[in-house]
Amino acid sequence: MVGNMNKQQTTNNIKISNKDTEILKKHFSHCFDKSGDFDFEKFKKELSKNEIDFSKESYGMDWLGKSYARLLASDETTTLLKEDKKFNKKQENKDSQNLLIKGDNLEVLKHLSNAYYEKVKMIYIDPPYNTGSDGFVYQDDRKFTVEELSSLAGIDEEKSKRILDFTQSKSNSHSAWLSFMYPRLYIAKQLLKDDGVIFISIDDNEVAQLRLVMDKIFGEENFVRNVIWEKKYSPSNDSKVISDTHDHILVYSKNINYWEMKLLPRTEEMNKRYSNTDNDKRGKWKAGGLSAKTYSINYDYSVKTPSGKIVNPPTGSCWQVSKEKLEILIKDNRIYFGKNGDAKPQIKQFLSEVQNGMVPKSIWKYDEVGHNQTSRKELTNLFNGVFLFDNPKPTKLIKRILNITSLNNNDLILDFFAGSGTTADAVMQLNTEDGGNRKYILVQLPEKIDKKKNKTAYDFVKDELKIENPTIFEITKERLKRAGKKIIKDNKNSKKPKDLSKQDFGFKIFETTPIWEDYNFEAEEFNPQTKLFDESKLNDEDIKTLLTTWKTYDGISLVQDLKEIDLDGYKGYYFDTKLYLMDKGFKTKNLKKLLTEIDENKDFNPATVIVFGYNFESKALREIAENVKNYANKKHIDVDFITRY
């Protein structure tokens with residue numbers, strides 16, 4: 001058996017994979033030099049053989065901080081992922097596939113980028129609108145020197161200094177907002193499936209900028225529509241100019257050739273327009289116009305009605321069908337000449353022949369999908385009359401989005417600006433209605449609640465939820481718990497209750513936590529005499545946090561538990577061909593048991609063994625690596641051995 005052994009400094013190097021580079025290396029490996037840099041001139045010459053011209057002119061956008069934003073999209077994370085084990089072990093949560101993650105969403109998206117790459121069907125976000133009064137300011141805790149930024153971003157030092165001054169100024173300019181949004185949207189695209197779609201709520205203040213940056217990231221060809229949502233049912237009488245009664249929802253597909261929009265279900269109000277006044281055997285129908293605005297002399301003719309009256313198409317128009325076709329339709333009783341038989345011909349449109357739904361319009365009215373007042377009432381009722389949020393989104397609005405996304409019953413929905421948690425509430429409601437099994441991932445920053453600006457929310461979290469330092473995250477968490485309970489209660493009290501035993505109303509919680517101070521493995525070869533990091537200060541919870549972070553980095557989802565493997569008193573963690581050895585105390589007897597398990601346990605097939613280097617002496621590492629690599633196991637598994645820090 002042949003195996004590989006390598007060393008990885010993973011913890012301080014978690015970032016999104018560059019899949020575009022991987023594609024280039026696969027198909028144009030000869031265009032990379034020895035150091036791994038891409039030779040663009042060689043690439044151009046290669047393509048020019050196939051008569052592909054490179055445009056020398058292009059249309060785009062630029063802003064102060066653009067190069068910095070692009071750097072943030074590819075920069076390493078500064079955090080680890082920690083599980084809330086106590087919460088997740090509760091009966092209602094232990095088997096849940098839903099996620100609520102606490103932390104900066106840029107950090108979270110980077111952590112998710114491997115395990116959830118191209119796994120998300122729909123993204124909805126309601127980011128800061130940057131109105132000047134919504135509290136948005138750009139803040140960044142990353143510390144680059146002028147020289148570092150200049151080198152990493154490929155810009156001169158003068159521009160680097162301007163950018164760094166700007167990022168530390170707590171600005172709310174358009175440039176600041178774009179620098180904040182760009183890296184998050186860039187990574188979000190990587191998480192979408194090829195037939196996925198993203199919906200973004202925004203208002204007039206940043207819609208123009210958002211449209212341009214989305215064109216840059218997703219491509220103009222993947223723009224679907226700018227939906228207008230009527231968020232108010234009455235004008236603002238105190239408005240100094242035209243009253244603002246709408247928001248925008250920008251819709252982009254990952255790939256316009258793959259995304260299929262689902263039709264909206266027909267409403268009872270729509271069906272009421274059909275009747276059967278002549279007892280037609282084909283059932284209910286309604287009359288539709290037969291004239292066409294596009295003029296054709298061949299379709300411009302006179303028609304004799306059953307009463308003998310001669311009628312013509314409207315001036316400048318013609319009929320939609322030829323004279324011969326009209327005669328066929330009349331014989332088939334598909335033409336209606338009015339109650340008295342003397343009106344211009346109309347075609348009968350049968351309800352039974354109408355498509356099963358309707359194409360959504362680009363204007364969504366408040367009476368169809370709700371408005372700000374209904375959403376406030378909805379949330380307030382859920383919290384027993386306590387008013388916590390100014391502008392939550394209505395669940396009807398999110399359900400409209402879910403309904404047109406062509407979701408399969410087990411698709412994954414992501415919202416990384418979770419706010420009050422409306423998206424999760426809507427997903428649970430829709431699953432209850434149609435028996436679906438859709439899952440959600442919500443991300444919310446533990447943003448402190450300002451007691452002066454929102455005393456009601458502050459007091460509720462502190463007094464009712466018993467949280468010493470109230471944050472928005474706690475409201476999100478409580479909303480999800482209450483929403484699930486309300487759905488179960490409403491179903492129980494309904495006239496025709498459904499079986500909800502297989503529905504998932506729970507969720508699991510994870511959070512980002514800073515990488516430990518001084519945790520920085522830089523030596524070429526680990527030497528226990530060289531104390532780079534004091535591993536003795538790590539407790540069991542710290543090791544589990546490291547394990548959670550690594551498994552997600554390795555493509556294992558957060559809701560997938562690792563199986564504990566007993567190696568003669570030493571605990572290993574296994575899933576899908578990966579075995580993690582994290583703890584101290586690994587001895588020869590444990591190694592023997594490991595080799596025996598590989599041979600005899602049909603459900604244990606570790607193609608990769610990953611060990612936490614700080615908890616193993618160099619001698620033990622060599623012994624494990626050599627034995628695992630050289631042992632001729634009965635399954636002929638080619639085992640990779642990785643020492644990770």
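The values are calculated or read from the model by the stated rules, or taken from the named source; none is laboratory data. None of the values given here were measured: they were computed from a predicted structure. Here Cβ is always computed from backbone atoms with ideal geometry, including for glycine, and neighbour counts include all displayed protein chains.
Among the numbered criteria (1) of a type in the set (D, E, K, R); (2) without any contact (Cβ under 8 Å) to a residue 12 or more places away in the chain; (3) over 23 Å from Asn205 (Cβ atoms), which single criterion is violated by Arg162?
Evaluating Arg162 over (1) of a type in the set (D, E, K, R); (2) without any contact (Cβ under 8 Å) to a residue 12 or more places away in the chain; (3) over 23 Å from Asn205 (Cβ atoms) leaves (2) as the failure.
If you go through segment 340-378, how many residues are crowded, with 16+ Cβ neighbours inside 10 Å and farther than 30 Å from Lys323 by Cβ?
So the answer is 12.
Taking the conditions exactly as written (out of contact with any Ser or Thr (no Cβ under 6 Å at 6 or more places or on another chain), farther than 30 Å from Asn403 by Cα and not in a strand (DSSP E or B)), does Ile328 satisfy them or not?
yes
Of the conditions (1) within 23 Å of Tyr124 (Cα to Cα); (2) in contact (Cβ under 8 Å) with a residue 24 or more places away in the chain, Gly154 clears all except one; give me its number.
(1)
What number goes with the only condition from (1) free of Cβ contacts under 8 Å to residues at least 12 places away in the same chain; (2) touching a Lys or Arg at 6+ places or on another chain (Cβ under 9 Å); (3) not aliphatic (A, V, I, L, M) that Lys189 does not pass?
Lys189 satisfies all of (1) free of Cβ contacts under 8 Å to residues at least 12 places away in the same chain; (2) touching a Lys or Arg at 6+ places or on another chain (Cβ under 9 Å); (3) not aliphatic (A, V, I, L, M) except (1).
What are the pairs with Cβ atoms under 7 angstrom where one residue, in segment 6-25, is more than 23 Å from Ile610 (Cα to Cα) and at pLDDT 80 or above and the other, located anywhere, is hydrophobic (A, V, I, L, M, F, W, C) and part of a strand (DSSP E or B)? Sequence gap at least six, or different chains.
none
Applying the selection to segment 77-89, what residues are assigned to a loop (DSSP other than H, G, I, E, B) and either surrounded by 12 or more Cβ atoms within 10 Å (Cβ to Cβ) or not basic (Lys, Arg) (or both)?
Matches in segment 77-89: Thr77, Thr78, Asp84.
Residues Lys232, Lys193: which one is surrounded by fewer than 18 Cβ atoms within 10 Å (Cβ to Cβ) and touching a strand residue (DSSP E or B) at 6+ places or on another chain (Cβ under 9 Å)?
That would be Lys232, the only listed residue that is surrounded by fewer than 18 Cβ atoms within 10 Å (Cβ to Cβ) and touching a strand residue (DSSP E or B) at 6+ places or on another chain (Cβ under 9 Å).
What pairs can you find where one residue is in segment 81-104 and among the aromatic types (Phe, Trp, Tyr), the other is surrounded by 12 or more Cβ atoms within 10 Å (Cβ to Cβ), and their Cβ atoms are less than 7 Å apart, with a gap of 6+ or different chains?
These pairs meet every condition: Phe87/Asn93; Phe87/Ile509.
For Val461, which of the numbered conditions (1) crowded, with 21+ Cβ neighbours inside 10 Å; (2) outside any strand (DSSP E or B); (3) in contact (Cβ under 8 Å) with a residue 24 or more places away in the chain fails to hold?
Checking Val461 against (1) crowded, with 21+ Cβ neighbours inside 10 Å; (2) outside any strand (DSSP E or B); (3) in contact (Cβ under 8 Å) with a residue 24 or more places away in the chain, the one that fails is (3).
Just wondering, is there one or more residues in segment 104-121 that are closer than 27 Å to Ala426 by Cα, surrounded by fewer than 16 Cβ atoms within 10 Å (Cβ to Cβ) and assigned by TED's automatic domain parsing to the domain that holds Gly421?
Yes, that holds for at least one residue.
Hey, can you tell me all the residues within segment 282-322 that are on the phi < 0 side of the Ramachandran plot, under 49 Å from the mean Cα position of the chain (by Cα) and assigned to a loop (DSSP other than H, G, I, E, B)?
Arg282, Lys284, Leu290, Lys293, Thr294, Tyr295, Ser317, Gln320, Val321
Answer with yes or no whether Tyr129 is assigned to a loop (DSSP other than H, G, I, E, B), more than 30 Å from Thr545 (Cα to Cα) and among the aromatic types (Phe, Trp, Tyr).
So Tyr129 fits the description; yes.
Which residue out of Asn403, Asn437, Asn410 is closer than 14 Å to Phe507 by Cα and surrounded by fewer than 24 Cβ atoms within 10 Å (Cβ to Cβ)?
None of the other options fit; the residue is Asn437.
Considering only residues that are among the aromatic types (Phe, Trp, Tyr) and in contact with a Lys or Arg (Cβ under 9 Å, 6 or more places away or on another chain), look in segment 428-478 and name the one that is nearest to Asp499 (Cα to Cα).
Among those that are among the aromatic types (Phe, Trp, Tyr) and in contact with a Lys or Arg (Cβ under 9 Å, 6 or more places away or on another chain), it is Phe473.
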